[in-house]
Amino acid sequence: MRTHQTRRMGPAARLARGLWPDHNPLRRSSDRAEAGMVAILIVAFLVGAPLIVLIVWRLTLSATFTTATARHVGWREVPAVLLKNAPESGYYDSAVPATWTAPDGTAHTGTVYAKPGSPAGTTTTIWVNASGRQEKWPLTPVQATTQAGLTAACAVPVWALICLGAGLSGHRLIDTRRMAAWDTDLRTANLGGPASTSS
């Protein structure tokens, strides 16, 4: 007498078997629909992820204000002289009053950030626009590229979550239809009629 050992199927094997277009009478149309939905979502993720990364990378890079863009619109780096000593304590740069000369030659006074302990008279570099108003530091091309890459990388798990959410919603909808079909089959069987296996 021969005994047959059944191998346990892994998730990938079960998915492949569910997608296979066989004629198993026990497999309902809802089972095939669910397997097809999973296949579509996998393809959508694999195809969409690289496209989304490229689009997000390009959009982030084009929206980043770099040093090249800053110089193009008339921003310049100018030396600012501290008017007071910077506080000794702290690990971060401190706000200190300073004075600087605008590209047009006019003198300006404002607040700049200097290293802790910097004495009055120390020179630090700031960015100003054409009128001499202080502006935020623009990013270097390397910083801009790195920032765009990190933003694009974050788009991949977001796209994965979107696909997962779509899959869970589809699974819930298919399960609702499947349960309704089973309920109909049970009622039909209890009445002695033919059972339906179409859903």
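No value in this document is a laboratory result; all are computed from the given coordinates. For clarity, every value in this text was computed on a predicted model and none was experimentally measured. In this analysis, Cβ positions are derived from the backbone assuming ideal geometry, glycine residues included, and neighbour counts consider all displayed protein chains.
Key figures for this structure:
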quantity	calculated
Three-way shape label, the stretch 75-138, alpha-carbon gyration tensor, a/c 1.5	prolate
Kirkwood Rh in Å, taken over the stretch 44-199 so that all alpha-carbon pairs contribute	21.2 Å
Lys, Arg +1 and Asp, Glu -1 on Cβ, resulting dipole of the stretch 109-183 about Cα centre, debye, nearest 20	80 debye
Relative packing of 120-126, 143-149, which averages over residues the other C-beta atoms within 10 Å, highest first	143-149, 120-126
